[in-house]
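The values are calculated or read from the model by the stated rules, or taken from the named source; none is laboratory data. Owing to the predicted nature of the structure, the values given are computational and were not obtained by experimental measurement. Cβ sites come from the backbone with ideal geometry, for glycine too, and all protein chains shown count toward neighbours. These area figures cover heavy atoms from the full protein model, side chains too; ligands, DNA and RNA do not enter into them. Shrake-Rupley method; radii C 1.70, N 1.55, O 1.52, S 1.80 Å.
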Amino acid sequence: MSVDPQTGAPGPSLPRYVMNSSTPADLRFFNAQHSPIGAMASFVLGCIGATGGMGHLVGKPVDQNVFIGLQSLDRQGFDTLPFYDRVGDASANFTQSQSQSTASPDQPLLKPFPLKDITRDFQLTTDEWRAGDLTLTIISPVKSIPDAENLDTPVNDLMTALLPVVFVQLKIDNTASSASRRAFFGLQSQESSRTAPSISQLNTSLFKGVFAGRQSGFAALNNLDEARTACHFTPEHILQPRNGTEDNWSFGLGSCAFLVFDVPAGVERTYNLALGWHVAGICTIGIDARFLYNRFFRNLEDVFAFAAQNQNELIESWKQPDRMDLLSKIKLWNSSQQFQIIHAVHSYFGSSQLLETVSDVPEQNGKPVWVMNEGEYRMMNTCDLMVDQVFFEVAFNPWTVKNNLELFLSRYSFVDTVTRFGGSAVYPGGLSFCHDMGVANTFSPAGTSAYECVKLDDCFSHMTCEELLNWILTAGIYVQADGDANDGGGWAARHIATFKALLQSLCNRDAPTPAEYTGLVGMESSRTKGGCEITTYDSLDASLAQTRDNAYIGGKCWAAYLVLEKILRDNNCVDEADLAHAQAVRASATISSSLKDGYVPAILGTDHPAKIIPAIEGLVYPLFTGCANALDPEGEFCEYISAMQIHFRNVLKKGICLFEDGGWKLSSTSINSWLSKIYLNQFIARKLLGHIWTDQDALSDLAHVRWLTEKSLNGYWCWSDQMYDGVATGSLFYPRGVTSILWCYE
């Protein structure tokens, strides 16, 4: 139960996943990302060993030792959380003399709490660990981003939303002790001292902090008279120096950075820490841009000063997510689903990046650029992730969706031609969009992506029609969500010529002449140069990866034509709207007439054996684009809706589209399944197809949790998407799981 921060009264319930001694260790000790908004930075914690730490501009955990502990009551060492490995003493690189620590390998100074004594309370904005007299709470924001494109947006609103820190509260209960006890929070990079940034310390009237170079660090913000900074080779050098002096805590050659707290006897203390990041200046190639937070913070010192001055207000605010009106309506059937939406939201923000352009031309300077990086791959604003993440983004900050749509249109669009598969004749194609905008802070040249290659028919080929559909559908969702009260309707009107061009482009990819139209995709883009177009399901077999005549793509065509019809009709483009409607009718008829023996074939008009769940995927879009009447089971598209109900009911069975553990299998002919798409299709099944959740479905949910936490390194990678028979193999450290926000609309 949440609490209203203003009144203290009980608030709406939010997703929560509590783990104690009865929870298996591999369901408790998984990594989770804790991130500021728009900084592409994360503090990762959860897996046992050196598997977490503070990372930025990377696509994986940084594998630092994280030391969090408290002096034991018998004063014979320190009890710790288990987030580190045995630490080597780098002083041996300098001298063969005796270590400057008195710790003995036979009697280690640091003693991890027994795993059974550690509990975890995992929520949307907090991750709390308890053991003995120590409680660690990590606090990260789930907030709407004020419109950085609007000059009337208050500066302080942007500063607080984009502050590049994560808060940590270290609570120590020393009420049972008659003596002071020492607590600590520390990090140690595994990177060689020859390449790691140097560690420095800075103590001011507002904070006491340690910095790794100029780009990351952590600081104590309160009770500063009880806090000290320390650096050395190992924790033992800091906590139990051989000569008994702490005067060497300013040592500059070690890789261990600590905040040490001396907790007075008989009291309970909560220490507020800020873990911060700051990258100054231009950080991109192709388009010169810097992190937008540079408008307000020149360096880490500014970041920590602002955090210190506003710590109490920010911590309490960040513990409550925005959009409580939506999140409090969430209808979750079990703790497995609660876990998945929490975990997915945490990983989403770790890939977020809000930049602003840097230019000598005034009108091109200071323009916000919203970038969602593609997890481990670090591709920027991947168009086929944009269409899945849009449900989350329009709920929190619709302006970022518009920002992406316009950059795709202005820089990452093109006009192509098309051919029949295997043919040589060339026909008009039309306007479409690139797969992505670049990779690893490098914007691709205009009209190109980092991903797409020619003369291929599988992974890395072009996704021309997939991205055309994704832009149309994302635009439709934005227009409906932002509405005429803001700028959604006006934006659509200003781009009406674009929507006309998109309609023609989509029709041209159906067939060369209207007499041949089926409403689906029958042509190949000339940009493949003899290859075949693929879909977002690029690593699956043809059942989902092939664009041409695909039932999954066909469903999205139906939805895209409905979106185009609505936008065009709303803007009095009657002829074009009528054409779009006719194409939607054709698409639905082509798919529904393909139903045979209870299934719609994955590749229409063929004997491909696959049966696929995402044949139903297109149904989600009318609900969010003002076209919900198309979903009426007794309406114009009743035969199509009925076909989807029959198909889904027959595929969701073991041996077809269920793994042996109960997890959902997107295609009967592939062991590669994607959780983000499972979440989306679960919503469609329950909300639109009337699927009643049963005990079997609860087992499926539990299987999906285990995919994220068990089996080899699954738990290491935080939230991951691609699962090969339940093992995280691709799309790791990934943001796409926020499709689970759809569950809030059930």
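For the peptides 521-534, 540-553, 493-506, the ranking by packing is 540-553, 521-534, 493-506, with the highest mean count of neighbouring Cβ atoms within 10 Å listed first. If R0 is taken as 45 Å, the Cβ-Cβ distance between Arg295 and Lys171 corresponds to a FRET efficiency of 0.85. The P(r) of the range 193-234 has a tail past 15 Å containing 43 percent of all C-alpha pairs. Taking amide H positions as modeled 1.01 Å from N, with prolines and chain starts lacking one, the residues under 5 Å from Gln190 and 5 or more places away or on another chain are Asn65.
In the chain, a dipole from Cβ-located charges (positive for Lys and Arg, negative for Asp and Glu) runs towards its positive end, and of Leu273, Trp471, Asn508 it is Leu273 whose Cα lies farthest in that direction. Think of a 1.4 Å ball rolled over the protein heavy atoms: the chain then has 36 Å² of accessible area per residue. Relative to the longest principal axis of the Cα atoms of the chain, the long axis of helix 335-350 lies at roughly 80 degrees. When the Debye formula is applied to the Cα atoms of the range 163-246, each taken as the same point scatterer, what base-10 log of I(q)/I(0) results at q = 0.15, 0.26 Å⁻¹? With no solvent term, the Cα-only Debye profile gives -0.69, -1.50. Residue by residue, the range 223-240 carries 3J(HN,Hα) couplings of 6, 5, 6, 9, 10, 9, 9, 8, 9, 5, 5, 9, x, 5, 4, 8, 8, 8 Hz when phi is fed to the Karplus relation 6.51 cos²θ - 1.76 cosθ + 1.60 (θ = phi - 60°); x denotes Gly or Pro.
Bin width 10 Å, alpha-carbon pairs only: give the P(r) of the range 621-672 as whole percents, running from 0 to the bin holding the largest distance. Pair shares across the bins are 24, 33, 29, 14.
Distance from a point 7 Å along Cα→Cβ of Ser180 to each backbone N in the range 235-278: keep the residues under 11 Å and list them by number. Backbone N within reach: 261-265. Dividing the helix sum by the residues of the chain, where each DSSP H run of 4 or more adds -39500 (n - 2.57), gives a mean residue ellipticity at 222 nm of -8500 deg cm²/dmol. The amide H of His691, built 1.01 Å from its N in the peptide plane, has Arg686 as neighbours under 5 Å, considering only residues 5 or more places off or on other chains. Provide the per-residue ³J(HN,Hα) series for the range 450-467, in order, calculated from phi with Karplus coefficients 6.51, -1.76, 1.60 and θ = phi - 60°, each as a whole number of Hz, with x at glycine and proline positions. Running phi through 6.51 cos²θ - 1.76 cosθ + 1.60 with θ = phi - 60° gives 7, 8, 7, 10, 9, 6, 10, 10, 9, 3, 5, 6, 7, 10, 4, 6, 4, 6 Hz. Note on mean projected area of the Cα convex hull in nm²: of the candidates [x] 33.5; [y] 35.1; [z] 39.2, the value calculated from this structure sits at [x]. Averaged over residues, the count of other Cβ atoms within 10 Å places the peptides 146-157, 75-86 in the sequence 75-86, 146-157, highest first. Summarising the label geometry, the points placed 7 Å from Cα in the beta-carbon direction at Glu313 and Asn243 lie 4.7 nm from one another. Taking 14 Å as the straight-line reach from the Cα of Lys687, the aspartates and glutamates in range (excluding those fewer than 8 positions away in the same chain) are Glu617, Asp632, Glu746.
A full extension of the chain between Glu746 and Asn334 corresponds to an added length of 146.9 nm, given 0.36 nm per residue minus the alpha carbon distance.
How much FRET efficiency would the formula 1/(1 + (r/R0)^6) give for Phe94 and Asn203, where r is the Cβ-Cβ distance and R0 is 30 Å, rounded to 0.05?
The calculated FRET efficiency here is 0.65.
Here the range 123-231 is assigned +1 on the Cβ of each Lys and Arg and -1 on the Cβ of each Asp and Glu. Its dipole about the Cα centre then comes out at about 600 debye. Net charge dipole, the chain: roughly 920 debye, given to the nearest 20, about the Cα centre with Cβ charges of +1 for Lys and Arg and -1 for Asp and Glu. All C-alpha pair distances within the range 451-583, sorted into 10 Å bins from zero, spread as 13, 41, 31, 15, 1 percent across the bins. Report, in degrees rounded to the nearest 10, the 0 to 90 angle that the Cα long axis of helix 638-651 makes with the longest principal axis of the chain. In the chain, helix 638-651 runs at an angle near 50 degrees to the longest axis. For the range 394-421 versus the range 212-229, the spacing of their alpha-carbon centroids is 43 Å. With the charge dipole of the chain set up from +1 on Lys and Arg Cβ and -1 on Asp and Glu Cβ about the Cα centre, the Cα lying farthest toward the positive end among the listed residues Ile145, Gln201, Gln583 is that of Gln201. Here's the picture: charge each Lys and Arg Cβ at +1 and each Asp and Glu Cβ at -1 in the chain, and of Leu27, Thr669, Thr625 the one pushed furthest to the positive end of that dipole is Leu27.
The slack in the chain from Ser22 to Tyr427, taken as 0.36 nm per residue of separation less the alpha-carbon distance, amounts to 139.4 nm. On the chain, 50 percent of the accessible area sits on carbon and sulfur atoms, based on a 1.4 Å probe. With the cut-off at under 20 Å, measuring from each backbone N in the range 417-438 to a point 7 Å along the Cα-to-Cβ line of Thr669 picks out 421-422.
In the chain, the longest principal axis of the Cα atoms and the axis of helix 383-396 are about 70 degrees apart.
Here the ratio of the Cα radius of gyration of the range 178-296 to 2.2 N^0.38 Å is 1.23. Placing a label point 7 Å from the Cα of Asp85 along the Cα-to-Cβ direction, the residues of the range 50-69 whose backbone N falls under 19 Å from that point are 50-55, 59-68. Packing around the peptides 241-248, 320-327, taken as the average count of other Cβ atoms within 10 Å per residue, puts them in this order, highest first: 320-327, 241-248.
In whole percent, what relative contact order does the chain give with Cα contacts below 8 Å and a gap of six or more residues?
Contact order relative to length: 12 percent.
If R0 is 45 Å, the Cβ-Cβ spacing of Asn650 and Ala493 corresponds to a FRET efficiency of close to 0.55. Pair-distance distribution of the range 676-746: all C-alpha pairs, bin width 5 Å, starting at 0; shares per bin in whole percent are 3, 17, 24, 24, 17, 11, 3, 0.
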